[in-house]
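Contents: one structure, followed by commentary.
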Amino acid sequence: MASRSPKFHGRVEGAAAHCAVPGCPEPGEYKAPLSAPTFDGPGAWQWLCLDHVREHNARYNYFSGMSPEEIEAAQSPIAGWDRSTRAFATAAGADPAPAWADFRDPLEAISGRFGDRFRRETPVRSRFSGEERQALSVLGLGEDSDLHGVRKRYSELVRRYHPDRNGGDRAHEKKLAAVLDAWAKLKVAPAFA
């Protein structure tokens with residue numbers, strides 16, 4: 001029996017209790033089709049041990065049932081290049097160009113070229129909702145913050161306001177609750193997804 005490497009491609013640890021070949025006591029860890037796949041889907045599968053999946057692969061013929069023309073077309077080096085591609089020109093039925101408002105331009109690489117005229121025409125949209133902006137202000141952060149910076153600031157404020165760090169003093173309890181609430185809102189904010 002061949003040695004099994006955990007890095008061996010295609011092996012699924014514990015996929016089936018036994019190989020699908022009758023009388024084989026080895027675990028079935030390799031997926032193999034029962035019959036040649038059809039165009040409607042991959043078909044039915046069986047789980048085989050390493051030795052039996054090697055036997056299965058040795059007898060498997062991708063081209064069985066194909067005519068000589070179909071085999072030649074499948075082996076052609078330009079197979080698939082004869083298909084039509086998406087139209088890039090603005091024509092009837094072509095995809096429309098994206099709206100300028102969909103682009104973020106933090107370095108002003110595009111908008112810098114058009115000056116103030118572009119900035120006035122483009123509405124400024126915040127990536128945060130009103131509640132999320134309020135939560136950022138509780139943490140003392142701006143809208144340019146990333147999730148790592150928010151998490152870091154949250155940790156700093158929890159340590160600052162927690163009663164255990166202040167000798168049991170509960171004077172900062174409301175601030176701590178506001179920080180906890182702000183973190184709960186910001187950690188699931190779509191802007192950080």
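Below are the figures for this structure:
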quantity: Placed amide H near GLN46: partners under 5 Å, 5+ positions off or other chain; calculated: ALA32, LEU34
quantity: The range 152-193 shape via C-alpha gyration tensor axes, a/c threshold 1.5; calculated: prolate
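The numbers here are math on the coordinates, done by the rules we state, and not lab data. Keep in mind the model is a prediction, meaning the values are calculated, not measured.
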